[in-house]
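Notes for the one structure printed next.
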Amino acid sequence: QVQLVESGGGLVQPGGSLRLSCAAPRSIFSIVAMGWYRQAPGKLGELVASITNDGSTNNADSVKGRFTISRDNAKNTVYLLMDSLNPEDTAVYYCNGAPSGLPWGQGTQVTVSS
């Protein structure tokens, strides 16, 4: 069974930074592009960043210049470095394939508040 495990969320002040991590099974990680998604209360889910097997990345307009996605193929882990956070970034963040198609993990809560 595919299991995605997100971590690294928390409470941060506006302007702060966080780095999220997502561990995936090796059998999946090596063959799929990966993405970070977020779901805020009352809003539609959003793909915020994605990365292909060879490291090509794409970011949503809402996070360009602030979020950086990366992957460590040796560790089967994908990261999301989030800088210059603002309250609109508050959401539960999930990783999945890009496009999504894997079972969703529990996600990690990111709260940006003073």
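The values are calculated or read from the model by the stated rules, or taken from the named source; none is laboratory data. Remember, predicted model here, so these are calculated numbers, not experimental data. Accessible surface is based on the protein model in full, side chains and every heavy atom, while ligands, DNA and RNA are left aside. Shrake-Rupley method; radii C 1.70, N 1.55, O 1.52, S 1.80 Å.
Solvent-accessible area per residue for the chain at a 1.4 Å probe radius, Å²?
It amounts to 52 Å² per residue over the chain.
Summing -39500 (n - 2.57) over the DSSP H runs of n ≥ 4 in the chain and dividing by its residue number, what mean residue ellipticity at 222 nm do you reach, to the nearest 500 deg cm²/dmol?
Helix-only estimate at 222 nm: -500 deg cm²/dmol.
Counting only DSSP beta bridges with both residues in the chain, tell me the antiparallel percent, nearest 5.
Here the antiparallel bridges make up roughly 90 percent for the chain.
Hey, any idea what % of the chain's accessible area is carbon plus sulfur with a 1.4 Å probe?
C and S fraction of accessible area: 50 percent.
Between R26, R38, R71, find the one with the highest GNM mean-square fluctuation for the chain; connect C-alpha pairs within less than 10 Å.
R26
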